[in-house]
Structure formats: C-alpha cells, structure tokens
Amino acid sequence: MAHDLRVSVRSVQRWRRAWSQNGPRALASKGPASLPLLSDELFAVLERELAKGPVAHGWPDQTWTLSRIKTLIGRRFHKSYTVQGVAALLKRHGWSCQVPARRALERDEAAVAGWVKETWPSVEEPWRRSTPGSSSRTKPDSR
C-alpha cells in the first residue's frame with residue numbers, strides 16, 4: 001500500500017494508528033505546514049509594484065520574470081523566496097505565465113536564418129568529444 005501511495009511504510013503505519021485511535025477526523029488536513037511569507041495585504045502591495053513595471057525597478061526592459069519578481073520581493077519586503085516559491089505564490093493569487101501569441105512584427109527572418117546558419121554552429125558545443133576520453137578522474141585517457 002505504501003508503494004501505491006508513494007510514501008514510506010512508516011507514514012502508513014502512523015496514519016493507521018491515528019485513524020484507529022481517533023477515527024477519520026485524525027486524518028483530516030491541518031492546513032499548510034507554514035504560513036505564507038507574504039500576507040494578502042503585502043501581496044496587494046506587490047501587485048501595485050508589479051504594475052509599475054520592471055523599468056521602474058531598475059531593469060532594462062518591460063519583462064517580468066520569476067527571478068526578477070523574487071528579487072523585488074527581497075528588496076521591497078525583505079523576505080526570501082525561491083523561484084518555485086514565487087511561481088506558487090503568483091499562481092495562488094490567480095496570476096499565470098504570459099507567453100507571446102505571435103512573433104514580433106520587427107522580427108527579421110533573414111537575419112535570424114543567417115545567424116542560425118553562420119553563428120550558432122560556432123557557439124554550440126559539440127554533442128560528443130572529438131577524441132576518446134576516460135570516465136575516471138584520476139586515470140589518463142584509456143584509449
């Protein structure tokens with residue numbers, strides 16, 4: 001059963017003991033393990049800051065990224081989030097990722113094609129080593 005639930009056998013034993021002692025009430029969720037770092041009031045302040053745009057906060061363009069929002073939260077509220085924590089915070093408050101529906105009108109397809117053909121091969125690293133190597137850090141190449 002533990003394998004089916006992808007939990008440890010010890011967790012199943014603990015749940016069974018709690019259920020046998022106090023019934024289904026004992027298995028009810030007690031809520032999140034910790035309180036959110038930003039309250040609803042502080043999140044409203046964050047939304048106002050986000051509405052000002054990234055340029056108002058010192059970034060060179062008008063693109064909000066999770067990393068930039070994480071930095072803004074640290075600067076403005078002195079609270080530390082991970083990038084994944086910022087994504088969860090925004091999702092919890094109804095925000096979603098925005099991806100452009102179409103390419104920019106200014107896009108120059110000829111310039112892009114030329115860059116991909118001429119510049120990218122010199123930038124991209126080869127998939128395999130051109131010479132035989134060794135998987136050992138201490139031994140020299142074996143072939």
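Filtered by the rule that a residue be among the basic types (K, R) and assigned to a helix (DSSP H, G or I), region 67-100 gives R68, K70, R75, R76, K91, R92.
A count restricted to region 94-110 and to residues that are closer than 21 Å to K52 by Cα and open to solvent by 90 Å² or more (accessible area, probe 1.4 Å) stands at 5.
Filter region 2-21 for residues that are small (G, A, S) and either at positive phi or exposed (fewer than 10 other Cβ atoms within 10 Å of the Cβ) (or both) and give the result. Answer for region 2-21, where residues must be small (G, A, S) and either at positive phi or exposed (fewer than 10 other Cβ atoms within 10 Å of the Cβ) (or both): just S20.
Annotation: of all residues in region 80-93 being under 15 Å from A44 (Cβ atoms) and either at pLDDT 95 or above or surrounded by fewer than 16 Cβ atoms within 10 Å (Cβ to Cβ) (or both), the one that is farthest from the chain's Cα centre (by Cα) is H93. Keeping to region 46-63, report how many residues are of a type in the set (A, V, I, L, M, F, W, C), within 16 Å of W95 (Cα to Cα) and either assigned to a loop (DSSP other than H, G, I, E, B) or open to solvent by less than 70 Å² (accessible area, probe 1.4 Å) (or both). So the answer is 2.
Note on region 1-45: among residues that are in a helix (DSSP H, G or I) and in contact (Cβ under 8 Å) with a residue 12 or more places away in the chain, the one that is farthest from I69 (Cα to Cα) is W15. The set of residues from region 101-143 being assigned to a loop (DSSP other than H, G, I, E, B), modelled with pLDDT of 75 or more and of a type in the set (S, T, N, Q) comprises just one member, T119.
The values are calculated or read from the model by the stated rules, or taken from the named source; none is laboratory data. Predicted model only: the values in this text are computed from it and were never measured. Counting neighbours? That spans all protein chains shown, and the Cβs are built from the backbone with ideal geometry, glycine included. Heavy atoms of the whole protein, side chains included, go into the accessibility calculation; ligands, DNA and RNA do not. Shrake-Rupley method; radii C 1.70, N 1.55, O 1.52, S 1.80 Å.
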